[in-house]
Amino acid sequence: GEIYRLGENTPRKVSFRLVAATHRNLRDDVAAGKFRMDLFYRIAVTNIAIPSLRERKDDIPALVTHWLGRLCERYGLPMASFDDDAYRCLLAYDWPGNVRELRNALEGALLMAEGGVITLDKLPLEISEVGMPGGAGLPKDLAGSVPETVCSLEMAESESIRKALAYSGGNLTRTTSRLGIAKSTLYQKIRKYGLGAALSETRGRVT
């Protein structure tokens, strides 16, 4: 295609792919005259609907593992963990701000955590409120003690690493890229969770 830079009369050749994201229904906005119809049909070639985080809470353990690993590496901290109350609140909260809100909550809690364990009082108030005494605000299946069907953060982290190793065919470089962690951190996690046998088995299947 061609574009005209601001203030220029000569067109410039360009080649690019445009990716646009919105939380609004642009078809409704076009009908209401709030969004230009010609622009909508220029960009609406392929549409991908991504459910909100509250509709895919099964993704929360993997997202927590990913972002917590990245944040610990960024701040030069050992890998942190959550106590049961804090972790239960992460699963129960509706996350109106989606993944960005989750990441910000993790970063703030990590920086205030003591001893590498993130407790309920380190989470933002709107999140920790779902874990008030008596389980106020928690869904029935999450009130009280953590149910057996809800795996611990360490179990979720171990499973995420195992799947990443399998997906990457045992290639540690691709695995670290997929998980967003340093190779030294991956070695540490493999030892911690006893994943050496799984790694060898994965590499054996590839060869």
Checklist entry - List pairs: first in the range 1-27 and at positive phi, second at pLDDT below 85, Cβ under 7 Å, 6+ apart or cross-chain? => result none
Item to check | Residue ID - surrounded by the fewest Cβ atoms within 10 Å (Cβ to Cβ), chosen from residues in the range 159-176 that are polar (S, T, N, Q) and modelled with pLDDT of 80 or more | outcome: T173
Checklist entry - What helices (runs of 4 or more DSSP H), lying completely within the range 18-82, carry at least 3 residues that are touching a Ser or Thr at 6+ places or on another chain (Cβ under 8 Å) and closer than 30 Å to K122 by Cα? => result 60-74
Checklist outcome for this item: Scanning the range 46-91 for residues that are among the acidic types (D, E) and closer than 15 Å to G116 by Cβ gives E73, D83
Item to check | Residue ID - farthest from V99 (Cα to Cα), chosen from residues in the range 9-52 that are among the polar types (S, T, N, Q) and surrounded by 10 or more Cβ atoms within 10 Å (Cβ to Cβ) | outcome: N25
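The values are calculated or read from the model by the stated rules, or taken from the named source; none is laboratory data. Because the structure is predicted, anything quoted here is derived from the model rather than measured. Every residue, glycine as well, gets a Cβ built from its backbone with ideal geometry; the counts of neighbours run over all protein chains shown.
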